[in-house]
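Presented below is the structure to which this report refers.
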Amino acid sequence: MQRDLTIRIETVPFGLKEMWWGTLGTIRPFPAFNPEQDAREIFIALDKKDACSLVRILTNRNNAQRQSIAEKFLKFSEKDLSFALKKALSGSLQELMLALMMTPAEFDAHRLRDAMEGLGTDEEALLEVLCTSSPMQLKEITVAYKQKYGRYLENDLISETSKDFSKLVMAILKKEEVDAPGNIDFELIDQDVRALLEAVNCKKTDAAPWIQVLTMRSTDHLNRVFTRLENLKGETMDKIVQNNFSGDMRLGVRILVRSTQNTPLYFAQKLHNSMKKNAVVRGILVSRSEEDLLCVRNEYRKLANTSLYSALQKEYKGELQQALLALCRSEDL
């Protein structure tokens with residue numbers, strides 16, 4: 001008989017509430033957190049190769065708490081926790097546990113490096129990280145990339161991309177929102193709509209205005225621009241992009257538009273289309289678990305007519321299933 005792996009959300013002491021109040025993530029600070037005790041339990045679990053205990057502890061702590069556990073583990077064992085996990089575990093479970101031990105910026109830097117290593121570049125994986133990160137997060141990822149790999153992210157991205165797609169990727173990496181948050185600038189909206197329309201009404205689409213607008217405006221502003229553009233063209237943004245761009249540029253603009261229009265839906269669609277791909281599922285669940293995974297779950301339920309929890313339960317087995325379900329957190333009935 002299969003165990004019920006649903007995790008109960010325990011009452012959090014008042015002092016911890018301010019750390020996550022209003023969060024749309026599924027992973028929250030563990031109450032009565034004791035990093036020394038966790039580190040010692042993990043030490044014993046590693047010695048016994050007790051994967052269940054490792055999963056139980058590490059998927060029930062938020063990232064800041066995991067970093068604290070790693071510090072305590074190093075202090076009393078004189079061993080690096082990530083190295084110890086790598087030695088004790090294998091396969092997809094090992095990759096997931098190592099991902100959980102990275103800071104968010106380190107994990108995204110790791111995903112970017114993975115997307116560029118080896119033969120060919122995984123443009124979609126590259127764009128997922130870049131398009132769904134804020135300007136501040138991108139700065140942190142850039143620093144983490146240099147610290148982790150001794151390489152400059154900008155140089156690697158340039159070497160892996162070309163032409164207009166390279167310009168788009170660089171603009172995303174350095175994106176800065178010039179419109180004031182919460183301020184509706186109707187004149188700027190009109191200006192941007194005209195610029196985007198003129199760019200696609202040419203004999204050959206001019207990518208420059210699209211790159212500029214898509215990487216220099218806030219989400220609210222862009223969604224107003226998209227709505228106006230859809231009304232004027234009588235087509236969805238997806239169709240407009242499909243009809244006017246090609247190759248990597250089409251992929252880049254499409255992901256940027258989709259993730260701007262509805263980030264949780266973008267991730268829900270990707271999960272639905274890639275449930276059998278460990279790397280994709282791991283990337284989304286780890287990176288969104290303290291961001292907006294509750295919203296992703298909601299969109300997945302509407303999209304797939306089943307819950308994300310049930311889909312994970314059906315696709316994965318053993319300790320890996322236990323870990324993924326813990327990150328998902330609970331069933332959506």
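The values are calculated or read from the model by the stated rules, or taken from the named source; none is laboratory data. Everything quoted here is computed from the prediction, not taken from an experiment. Heads up, the Cβs are rebuilt from the backbone with ideal geometry, glycines too, and the neighbour counts pull from every protein chain shown. Heavy atoms of the whole protein, side chains included, go into the accessibility calculation; ligands, DNA and RNA do not. Shrake-Rupley method; radii C 1.70, N 1.55, O 1.52, S 1.80 Å.
Structure values in brief
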| quantity | calculated |
| --- | --- |
| Residue within the range 66-87 that is open to solvent by less than 80 Å² (accessible area, probe 1.4 Å), outside any helix (DSSP H, G or I) and at pLDDT 95 or above present | no |
| Residue that is modelled with the highest pLDDT [pool: residues in the range 179-203 that are more than 22 Å from THR132 (Cα to Cα), in a loop (DSSP other than H, G, I, E, B) and among the charged types (D, E, K, R)] | ASP185 |
| Selection within the range 28-65 - hydrophobic (A, V, I, L, M, F, W, C) and open to solvent by 10 Å² or more (accessible area, probe 1.4 Å) | PHE30, ALA32, PHE33, PHE43, ILE44, LEU46, ALA51, CYS52, ALA64 |
| Where a residue in the range 210-229 is under 14 Å from GLY252 (Cα atoms) and its partner, wherever it lies, is assigned to a helix (DSSP H, G or I) and open to solvent by 70 Å² or more (accessible area, probe 1.4 Å), with Cβ under 8 Å and at least six apart | ILE211/LYS167 |
| From LEU196, LEU232, residue being among the aliphatic types (A, V, I, L, M) and crowded, with 18+ Cβ neighbours inside 10 Å | LEU196 |
| Wholly within the range 117-178, helices (runs of 4 or more DSSP H) carrying at least 2 residues that are within 15 Å of the chain's Cα centre (by Cα) | 123-131, 135-149 |
| Residue in the range 322-331 that is open to solvent by 50 Å² or more (accessible area, probe 1.4 Å) and in a loop (DSSP other than H, G, I, E, B) present | yes |
| Per-region count, the range 204-218, residues open to solvent by 70 Å² or more (accessible area, probe 1.4 Å) and in a helix (DSSP H, G or I) | 1 |
